[in-house]
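Following: one structure in structure tokens, then a few remarks.
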Amino acid sequence: MSETHAQTVAFVRDTMLAPEPPPVAESGAVKWLRENLFSGPVNTVLTLLGVAIIWFLVSHFWDWFAHSVWNASSLNECRQIIIETWGEGARGACFAVIRERWNQYMFGFYPSALYWRPTMAFGLMFVALAPVLFSESLKIRRTVLVVTAVVTLWAMVQLNAPGAWLVFAAIVLVGGLAISERHVSWLLIFSVLYPLLGVWFLWGGSLWGPIMVLVGPLLGWAAWTLVGRFSALLATVAAIVVTLLWWLMFASRAAADAEGLLSLAIPFVRSDQFGGFLLAITIGVAGIALSLPLGIILALARRSDMFLIKSMAVIFIEFIRGVPLIALLFVASLLLNYFLPPSTNFDIILRVIIMVTLFSAAYMAEVIRGGLAALPRGQYEAADALGLDYWKAQRLIVLPQALKISIPGIVSTFIGMFKDTTLVTFVGLYEPLKSMSDAVRANIAWKGIYWEPFIFVGFIFFIICFGMSRYSMYLERRLRRDHR
Amino acid sequence: MSEAITREIDRSQMRISDEVAIEIHKMNKWYGTFHVLRDIDLTVHRGERIVIAGPSGSGKSTLIRCINRLEEHQSGRIVVDGVELTSDIKNIDKVRSEVGMVFQHFNLFPHLTVLENCTLAPIWVRKVPRKQAEATAMKYLEKVKIPEQADKYPGQLSGGQQQRVAIARSLCMQPRIMLFDEPTSALDPEMIKEVLDTMIELAEEGMTMICVTHEMGFAQAVANRVIFMDQGQIVEQNSPREFFNNPKSERTKLFLSQILGH
Ligand SMILES: Nc1ncnc2c1ncn2[C@@H]1O[C@H](COP(=O)(O)OP(=O)(O)OP(=O)(O)O)[C@@H](O)[C@H]1O
Ligand SMILES: [Mg+2]
């Protein structure tokens, strides 16, 4: 034994330490409160101030909410009920207006016998969206589609949908569910056809219309394969020309002739009968679906090496972003009338959709351009070095990554655009927030009711926008898991 | 000298054919007014393993990037596999599908799995059926010794593994020529070896290779010709033995004394 032994002795643990819970102050609610709300004098004062403000707001509005009436046929009756129940001077919300005018808020002046049609279109939209939005998760798809099927069929029964159409909807909904379980990519065929089907359900008329619209791209494709033997560029031009020519010159006549041979018509509904959330959602969904691809094309064009294409994209984007949406809507509703031949019937909703699409596509393009710029140059080089051509490189390598980076911005643009659909009130369309509420108030029974319609409409907008925001977070999480 | 190299390839087995794989004639390139490559003349025969060395900024990367037209040259001729590189897109695509390239920073596609990285180009450029492309990809992943990583994403692999995936990805296009731009300089020492081993194996199979690298051990073990560049020009080229033991130009001597540390 040497003297150094005591200092250099090796250490060997003979009993292992059991884990212990952390001290009380360090976990749970107390710790959270101390760290987040009372971490210093300034923070404590701010916390107390915040609590005071919340208390003030809640105490102020609580009575109003608590005293709400859901069953009445006029504002006076509402007030009567409030006074009878809670005494003289009591204030209360009269949400009965929403219950009574529910259909008007949902469908505008759409013929009430046909309410089932937009309802069915809305339900089937989820069948079309499921394979796009939830391509990876069978479980989410199943939940969404089952809920959609039950709610849609229930609503259609409530709205007295004809039996044949009930059967049709049931087949599509259940069939969609079955396909989603096994070959989800097949469901994309329905997603592609849905826009035409949806338009037909909403506006009605002859099914030959949408069919003839569909014929356009088919003819274009035929032209493309024919001319493609000689020149790729010429083939693209030929395809576009043939398609447009068909749409502009022949489609409507062909549809009319076909209708004469075999009628496939359902009652037609005019655009000025649309209103409420039906209108907002129609414009919003169409705008979203169209502005994303247009935004991608604009973003790519703006980064193109070709001077003409690049400058056209820059001019377009900067012009549209520099002009208020309302100005564009006025152009759509008023100015176009001067330029179009007097007899043309250029649908007002279609015009608004075009303007809203152009508007948000310009913003979309800038958001996506940011994503494109964020990609390292090496990705482009690797794609080039492997021999991928421009479009393949964009589609397979660049866009999947750039779009993923841009998801938050893209969804913000969608949300902004959806809320901007309320601006169509200025071109005489009955969007839910102002026009429809004015229409409701125009009735003597509901004259003087302000807050309740706004709260209701705001609430529905909030649900839809919040849903989009949550979806974008889900998507980001899912994609992040992929790459780590 | 790098300890990463454990063996020298058996040169007696190597065949260098008379067939010309790459011919560069009086090629010049400018970046704006900056003359990066000056009168480059270089002929590479099939089966040759060429190492390009030189100080930073001497134009090594630019030269090999001109060979698959990631950079455009302004005068002179570059003929790869009998196809002259001009602005004709068809020729460029043809050359690119014959020439594989491995980058310093791997440049794998982070949104695709390792297997998808390897099958993407064969499926979309060569139009190989998916099943077959996957079989080929697995073959090459086995060759670079990481078949078990096929379903992972690049971000989940180590640097050395990523670089080997990048090599496998290039090989899946079954190129006749491979270009390497400092494939090991972003790697830790222990990973350098695994990548160099893969490259040595490739050389032994007779692949035509042009490799920019600072791994002089690799140059000695594998190359049949070393090219030294400085200021955009080819200053010296020789067999590795001559190049290292008996450098002719002053610049080469200076460079070698710096890089070899004696
Ligand atoms: N895109 C560019 N624009 C302008 N100058 C460039 C560009 N790329 C490279 N250069 C310049 O060209 C010269 C050669 O660059 P290159 O990348 O070929 O050098 P290198 O020999 O590969 O160097 P390193 O060993 O550092 O990779 C350098 O001086 C560099 O600054
Ligand atoms: Mg370099």
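The values are calculated or read from the model by the stated rules, or taken from the named source; none is laboratory data. None of these values were measured; they are calculated from a predicted model. Ideal geometry is used to build each Cβ from the backbone, glycine not excepted, and the neighbour counts take in all protein chains shown.
Out of curiosity, is B:Leu115 within 11 Å of another protein chain (Cβ to nearest Cβ) and over 15 Å from the mean Cα position of the chain (by Cα)? The answer is no for B:Leu115. Quick one: is B:Arg49 of a type outside the set (A, V, I, L, M, F, W, C), crowded, with 21+ Cβ neighbours inside 10 Å and either in contact (Cβ under 8 Å) with a residue 40 or more places away in the chain or away from ligand 1 (no atom under 16 Å from the Cβ) (or both)? So B:Arg49 fits the description; yes. Can you confirm whether the range B:174-186 contains a residue that is within 17 Å of B:Lys143 (Cβ to Cβ), touching a residue at least 12 places away in the same chain (Cβ under 8 Å) and within 13 Å of ligand 1 (Cβ to nearest atom)? Yes: one or more hits.
Okay, residues lined up against (1) surrounded by 13 or more Cβ atoms within 10 Å (Cβ to Cβ); (2) part of a loop (DSSP other than H, G, I, E, B):
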{"residue": "A:Phe11", "(1), (2)": "no, yes"}
{"residue": "A:Pro21", "(1), (2)": "no, yes"}
{"residue": "A:Val30", "(1), (2)": "no, no"}
{"residue": "A:Phe56", "(1), (2)": "no, no"}
{"residue": "A:Cys78", "(1), (2)": "yes, no"}
{"residue": "A:Thr85", "(1), (2)": "no, no"}
{"residue": "A:Ala90", "(1), (2)": "yes, yes"}
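Could we say that B:Lys60 is within 15 Å of ligand 2 (Cβ to nearest atom), more than 13 Å from every other protein chain (Cβ to nearest Cβ) and more than 19 Å from the chain's Cα centre (by Cα) here? In short, no. Comparison of A:Leu197, A:Leu214, A:Leu166, A:Leu188 shows that the only residue that is in contact (Cβ under 8 Å) with a residue 60 or more places away in the chain and either surrounded by 16 or more Cβ atoms within 10 Å (Cβ to Cβ) or assigned to a helix (DSSP H, G or I) (or both) is A:Leu197.
A count restricted to the range A:41-75 and to residues that are of a type in the set (S, T, N, Q) and in contact (Cβ under 8 Å) with a residue 24 or more places away in the chain stands at 4. Please go through (1) surrounded by 21 or more Cβ atoms within 10 Å (Cβ to Cβ); (2) at pLDDT below 95; (3) in a helix (DSSP H, G or I) for A:Gly378 and return the number of the only condition it doesn't satisfy. Result: A:Gly378 fails condition (1) only. Within the range B:92-104, residues that are facing chain A (nearest Cβ under 9 Å) sit with their Cβ atoms under 6 Å from residues that are surrounded by fewer than 19 Cβ atoms within 10 Å (Cβ to Cβ) and of a type in the set (Val, Ile, Thr), at 6+ positions apart or across chains, in these pairs: B:Lys94/B:Val83; B:Val95/B:Val83; B:Ser97/B:Val125.
crowded, with 17+ Cβ neighbours inside 10 Å, closer than 20 Å to A:Arg377 by Cα, within 13 Å of another protein chain (Cβ to nearest Cβ) and not aromatic (Phe, Trp, Tyr) - does that describe any residue in the range B:124-133? No, the range B:124-133 contains no residue that is crowded, with 17+ Cβ neighbours inside 10 Å, closer than 20 Å to A:Arg377 by Cα, within 13 Å of another protein chain (Cβ to nearest Cβ) and not aromatic (Phe, Trp, Tyr).
Take the range A:382-394 and flag every residue that is surrounded by 19 or more Cβ atoms within 10 Å (Cβ to Cβ) and at the interface with another protein chain (Cβ under 7 Å from one of its Cβ atoms). A:Ala382, A:Asp384, A:Ala385, A:Leu386, A:Gly387, A:Leu388 - these are the residues of the range A:382-394 that are surrounded by 19 or more Cβ atoms within 10 Å (Cβ to Cβ) and at the interface with another protein chain (Cβ under 7 Å from one of its Cβ atoms).
For A:Leu233, the criteria (1) under 25 Å from A:Ala155 (Cα atoms); (2) without any contact (Cβ under 8 Å) to a residue 60 or more places away in the chain; (3) not acidic (Asp, Glu) hold in every case but one, which is (1). Right, B:Ser58: surrounded by 22 or more Cβ atoms within 10 Å (Cβ to Cβ), of a type in the set (Gly, Ala, Ser) and assigned to a loop (DSSP other than H, G, I, E, B) or not? When the stated conditions are applied, B:Ser58 passes them.
Every condition in (1) modelled with pLDDT under 95; (2) closer than 27 Å to A:Arg395 by Cβ holds for B:Asp81 except the one numbered (2). Does B:Gln74 fit the bill of being modelled with pLDDT of 90 or more, within 16 Å of ligand 1 (Cβ to nearest atom) and surrounded by fewer than 18 Cβ atoms within 10 Å (Cβ to Cβ)? Considered against the rule, which asks whether it is modelled with pLDDT of 90 or more, within 16 Å of ligand 1 (Cβ to nearest atom) and surrounded by fewer than 18 Cβ atoms within 10 Å (Cβ to Cβ), B:Gln74 comes out as yes.
Condition check ((1) under 22 Å from B:Lys143 (Cα atoms); (2) of a type in the set (Gly, Ala, Ser); (3) within 16 Å of ligand 2 (Cβ to nearest atom); (4) touching a Lys or Arg at 6+ places or on another chain (Cβ under 7 Å)) across all residues:
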{"site": "B:Glu194", "(1), (2), (3), (4)": "yes, no, no, yes"}
{"site": "B:Asp197", "(1), (2), (3), (4)": "yes, no, no, no"}
{"site": "B:Met216", "(1), (2), (3), (4)": "no, no, no, no"}
{"site": "B:Ala223", "(1), (2), (3), (4)": "yes, yes, no, yes"}
{"site": "B:Phe228", "(1), (2), (3), (4)": "no, no, yes, no"}
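Condition check for B:Val79 on (1) within 16 Å of ligand 2 (Cβ to nearest atom); (2) crowded, with 16+ Cβ neighbours inside 10 Å: one failure, at (1).
For B:Leu37, the conditions (1) within 14 Å of chain A (Cβ to nearest Cβ); (2) within 16 Å of ligand 2 (Cβ to nearest atom) are fulfilled apart from (1). When every residue of the range B:4-27 is checked against the conditions, at least one turns out to be free of Cβ contacts under 8 Å to residues at least 60 places away in the same chain, part of a helix (DSSP H, G or I) and away from ligand 1 (no atom under 12 Å from the Cβ). Looking only at residues of the range A:92-123 that are part of a helix (DSSP H, G or I) and of a type in the set (D, E, K, R), we find that the one that is farthest from A:Ile455 (Cα to Cα) is A:Arg117. Kindly indicate whether B:Ala166 is over 22 Å from B:Ala137 (Cβ atoms) and either more than 16 Å from ligand 1 (Cβ to nearest atom) or assigned to a helix (DSSP H, G or I) (or both). Considered against the rule, which asks whether it is over 22 Å from B:Ala137 (Cβ atoms) and either more than 16 Å from ligand 1 (Cβ to nearest atom) or assigned to a helix (DSSP H, G or I) (or both), B:Ala166 comes out as no.
Looking at this structure, is A:Ile397 hydrophobic (A, V, I, L, M, F, W, C), within 10 Å of chain B (Cβ to nearest Cβ) and within 19 Å of A:Glu476 (Cα to Cα)? So A:Ile397 fits the description; yes. Filtered by the rule that a residue be part of a strand (DSSP E or B), more than 13 Å from B:His73 (Cα to Cα) and within 16 Å of ligand 2 (Cβ to nearest atom), the range B:40-55 gives B:Ile50, B:Val51, B:Ile52, B:Ala53.
Flag: B:Val36 matches the condition of being in a strand (DSSP E or B), within 11 Å of ligand 1 (Cβ to nearest atom) and buried (at least 20 other Cβ atoms within 10 Å of the Cβ). Summed over the range A:412-453, residues that are closer than 20 Å to A:Ser469 by Cβ, of a type in the set (Ser, Thr, Tyr) and either in contact with a His (Cβ under 9 Å, 6 or more places away or on another chain) or in contact (Cβ under 8 Å) with a residue 60 or more places away in the chain (or both) total 3.
Residue by residue, here is whether (1) assigned to a helix (DSSP H, G or I); (2) under 28 Å from B:Asp188 (Cα atoms) holds:
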{"residue": "B:Phe218", "(1), (2)": "yes, yes"}
{"residue": "B:Ala221", "(1), (2)": "yes, yes"}
{"residue": "B:Val226", "(1), (2)": "no, yes"}
{"residue": "B:Met229", "(1), (2)": "no, yes"}
{"residue": "B:Glu236", "(1), (2)": "no, no"}
{"residue": "B:Phe244", "(1), (2)": "yes, yes"}
{"residue": "B:Lys248", "(1), (2)": "no, no"}
{"residue": "B:Lys253", "(1), (2)": "yes, yes"}
{"residue": "B:Leu256", "(1), (2)": "yes, yes"}
